[in-house]
């Protein structure tokens with residue numbers, strides 16, 4: 001066999017001279033047709049086509065040429081393969097001149113390499129090995145792990161402790177212990193068999209100290225039976241007892257064990273939403289189109305919507321059908337994992353808000369600022385008591401009236417819904433004012449570790465019907481997120497009250513006729529507290545600085561009893577507190593704490609409830625910023 | 001099964017998941033825990049009988 005100039009081999013064909021010639025021509029035709037095919041790939045052509053093509057070149061009849069071609073092919077069966085398909089003779093060959101194609105190499109496939117790596121990594125934690133293949137039959141295979149390894153892994157058994165010996169602390173030889181009858185040994189608290197080690201001289205070793213099990217005084221072991229299992233905290237539970245008894249005595253611990261088992265399941269076979277659990281692979285599927293439809297629906301309704309409404313209006317799923325509860329669970333679980341949706345519901349009412357829905361609450365104060373304002377509540381300066389009858393009464397401060405907020409103190413928190421999900425930020429409320437037949441969409445922001453909580457969304461109601469100093473009463477209703485708000489109505493009273501003029505960024509007194517019963521001491525009227533107009537509407541960032549607010553209020557509202565060089569201000573506590581609550585929320589307890597923290601503030605021993613403020617001497621500054629007090633403002 | 005071989009949260013968990021799936025409704029943690037106890041009791045009892 002000679003080598004072809006193009007790098008391919010020159011074939012020698014068998015048979016008569018004519019057969020060799022015909023075979024070569026057929027081979028050249030077929031390899032020319034499959035010139036771009038792999039050298040091993042089979043090139044196929046029908047005998048009829050070959051005969052027709054060659055007959056046209058030789059000016060003969062194809063019918064006469066076909067048998068001769070077939071004979072030539074048969075004489076070179078190592079180069080050509082003949083097969084019949086539906087009565088048509090097919091001739092096959094390859095560019096390398098073989099009648100069969102290359103067999104695939106299945107010695108080490110990609111699929112095999114995925115599951116059987118050539119160099120597998122060491123398995124450090126068997127729990128990290130996850131397979132999606134489930135055994136057809138459930139088998140219970142207890143894992144026996146000695147206490148030695150349990151102790152090293154932090155699951156120390158009851159009686160054995162580990163001590164790392166050092167050069168200074170010689171190892172105590174373990175005392176021999178009477179063997180425990182196997183029938184009494186608990187399953188997980190069985191002590192490791194401590195081999196009595198030979199007495200070791202306390203000679204410091206240069207090697208790394210190894211943990212050595214050391215006996216410590218053994219507590220009396222509870223006698224357990226063959227039907228007793230141990231919880232992870234060592235509590236013995238006898239399964240012979242009725243289920244109700246076990247649930248009554250160990251219910252909380254057992255529920256924690258089951259919840260932990262589900263959350264630690266690497267396959268996440270069971271998922272939860274709130275207090276409900278269900279199998280993950282049996283949940284209905286909600287795709288992107290579904291989420292878009294739900295979001296459009298919520299935005300169209302212009303307020304957070306309950307899951308039941310979403311299911312009935314968007315999916316025509318009615319409560320009471322067999323699949324409704326599963327559908328409902330699936331919807332809630334799916335939405336809880338989407339960033340475009342926020343859960344704003346509570347136990348018994350799953351409400352969903354969507355990205356793009358108008359925010360609830362005032363736009364004039366940021367949520368982050370309010371969270372910091374109300375942080376004193378989580379720092380222990382909340383002086384309110386939880387309500388026992390579902391009703392809370394509260395005097396509005398000027399700040400609360402201005403921005404339509406209420407503190408989420410102990411009193412209000414006791415009637416507010418609790419968060420259902422671990423990281424739930426807020427819940428939507430519906431507050432009804434029966435005196436005016438109006439309803440307000442409000443929101444409770446739950447406190448965090450270092451930020452206080454609050455309720456907002458009542459700005460319109462406060463500013464339309466109330467004034468600062470009004471006693472409001474908020475009552476829970478039968479609906480999970482329903483509340484009513486009420487106040488005592490009176491005949492109209494005209495008074496000049498403090499008002500924040502936003503355009504000119506200043507406080508002014510304006511004549512107002514109000515119809516709500518108020519506490520005169522808490523009403524910021526010009527008649528009682530004329531100096532309030534001199535308060536500066538400090539930026540929100542400055543209002544968070546309690547020292548800045550305190551000093552400013554003392555200097556503005558207090559009586560100057562010192563000299564210009566050494567000023568000293570005096571003010572009654574109630575007046576100080578009212579003026580501060582114009583600028584920011586602050587409980588009386590927190591104010592008392594702040595006054596006791598700085599020696600510049602001190603109580604007037606001659607007058608109960610009065611305080612002095614004596615600022616530290618400052619370097620001389622041009623005095624061009626202090627407003628003179630003005631008691632005769634007729635604005 | 002010998003109760004000493006029972007590991008709470010592992011033993012019988014597959015049966016509990018099957019029960020939850022067959023039940024066809026989301027369940028509270030309390031109901032799941034009660035069923036888990038039933039499953040464990042059954043596992044221990046079956047072995048005792050054998």
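Under 1.5 on a/c is rounded, so check that first for the stretch A:45-88, then, if it is not, pick prolate when a/b is larger than b/c and oblate when it is not; a ≥ b ≥ c are the square roots of the alpha carbon gyration tensor eigenvalues.
Verdict is oblate for the stretch A:45-88.
Expressed as an acute angle from 0 to 90° and rounded to the nearest 10, what is the orientation of the C-alpha long axis of helix B:29-49 relative to the principal long axis of chain B?
Here the helix axis deviates by roughly 30 degrees.
Just report the Cα centroid separation between the stretch A:281-301 and the stretch A:583-606, whole Å.
53 Å
Taking R0 as 45 Å, what's the FRET efficiency between residue B:38 and residue A:366 from their Cβ-Cβ distance, rounded to 0.05?
On the way: r = 53 Å, r/R0 = 1.18.
The computed FRET efficiency comes out at 0.25.
Semi-axes of the equivalent ellipsoid of the stretch A:239-318: what are they in whole Å, largest first, if each equals the square root of 5 times a C-alpha gyration tensor eigenvalue?
Working: eigenvalues 272, 50, 25 Å².
Those come to 37, 16, 11 Å.
May I ask for the Rg/Rh ratio of chain B, computed from Cα atoms with Rh as the Kirkwood radius, given to two decimals? Show your work: numbers first, answer last.
Working: Rg = 11.4 Å, Rh = 11.4 Å.
Ratio of gyration radius to Kirkwood radius for chain B: 1.01.
Determine how many Å³ per residue the convex hull of the Cα atoms of the stretch A:367-490 encloses. All intermediate terms of the calculation are to be shown ahead of the outcome.
Values: hull volume 13.2 nm³, N = 124.
Given the Cα convex hull of the stretch A:367-490, per-residue volume reads 106 Å³.
Grab the Cα-Cα distance for residue A:477 and residue A:56, subtract it from 0.36 nm times how many residues apart they are, and report the gain in nm with one decimal.
Details: separation 421, 0.36 × 421 = 151.56 nm, distance 9.86 nm.
Between residue A:477 and residue A:56, full extension yields an extra 141.7 nm.
Give me the compactness ratio for the stretch A:379-425, meaning the Cα radius of gyration over 2.2 N^0.38 Å.
Numbers: Rg = 12.3 Å, N = 47, 2.2 N^0.38 = 9.5 Å.
With N residues counted in the stretch A:379-425, Rg over 2.2 N^0.38 Å equals 1.30.
Spin-label point model (7 Å from Cα, Cβ direction): what's the residue A:233 to residue A:86 distance in nm?
The modelled label-to-label distance comes out at 7.7 nm.
Evaluate the distance, in nm, between pseudo-label points positioned 7 Å from the Cα of residue A:301 and of residue A:410 along their respective Cα→Cβ axes.
A separation of 3.7 nm, rounded to one decimal place.
Note down the relative contact order for the stretch A:367-490 as a percent, whole number, built from C-alpha pairs under 8 angstrom at least six residues apart. Display every interim value, and only then the final one.
On the way: 239 pairs, mean separation 41.7, N = 124.
Computed over the stretch A:367-490, the figure is 34 percent.
In whole angstrom, note down how far apart the Cα centers of the stretch A:335-389 and the stretch A:422-498 are.
Taking the Cα centre of the stretch A:422-498 as reference, the centre of the stretch A:335-389 is 14 Å away.
When only Cα pairs under 8 Å and 6 or more residues apart are kept, what is the percent relative contact order across chain B? Write down the numbers at each step before the final one.
Working: 24 pairs, mean separation 30.4, N = 50.
It rounds to 61 percent for chain B.
Just subtract the alpha-carbon distance of residue A:425 and residue A:48 from 0.36 nm times their residue separation and send over the number in nm, one decimal. Intermediate values should be presented prior to the final figure.
Numbers: separation 377, 0.36 × 377 = 135.72 nm, distance 7.93 nm.
Value of the extension gain: 127.8 nm.
Classify the stretch A:2-94: rounded, prolate or oblate, from the alpha-carbon gyration tensor (a ≥ b ≥ c, eigenvalue square roots; a/c under 1.5 rounded; otherwise prolate if a/b is larger than b/c)? Mind showing how you got there, number by number?
Numbers: a/c = 1.60, a/b = 1.31, b/c = 1.22.
It is prolate, given that a/c is not under 1.5 and a/b is the larger ratio.
May I ask for the percentage of alpha-carbon pairs in the stretch A:273-354 that lie more than 16 Å from each other?
Values: 1536 of 3321 pairs.
Summing the P(r) of the stretch A:273-354 above 16 Å gives 46 percent of all pairs.
Identify the residues of the stretch A:480-506 with backbone N under 17 Å of a label point that sits 7 angstrom from the Cα of residue A:418 along the Cα-to-Cβ direction, or state none.
Of the residues in the stretch A:480-506, A:480-481 have backbone N under 17 Å from the label point off residue A:418.
Return a whole-number percent for the relative contact order of the stretch A:220-286, with Cα pairs under 8 Å and 6 or more residues apart as the contact set.
Values: 44 pairs, mean separation 10.5, N = 67.
With pairs under 8 Å counted, the relative contact order is 16 percent.
Suppose the chain between residue A:316 and residue A:16 were pulled fully straight at 0.36 nm per residue; how much longer would it get relative to their current alpha carbon spacing? Write out the running numbers ahead of the final one.
On the way: separation 300, 0.36 × 300 = 108.00 nm, distance 8.26 nm.
Stretched out fully, the residue A:316 to residue A:16 stretch lengthens by 99.7 nm.
Once the Cβ-Cβ distance between residue A:608 and residue A:547 is put in as r, and R0 is 22 Å, what FRET efficiency do you end up with, to the nearest 0.05? Please report the intermediate quantities before stating the final value.
Working: r = 25 Å, r/R0 = 1.13.
That gives a FRET efficiency of 0.35.
Between the stretch B:1-15 and the stretch A:515-566, what's the alpha-carbon centroid distance in Å?
Here the answer is 68 Å between Cα centres.
How far apart, in nm, are the 7 Å Cα→Cβ label points at residue A:597 and residue A:510?
With each label point 7 Å from Cα toward Cβ, the separation is 3.5 nm.
No lab work stands behind these numbers, since they all come straight from the coordinates. Keep in mind that what you see is a predicted model, and the values were worked out from it rather than measured. Positions of Cβ are generated from backbone atoms using ideal geometry, with glycine treated the same way; all protein chains shown enter the neighbour counts.
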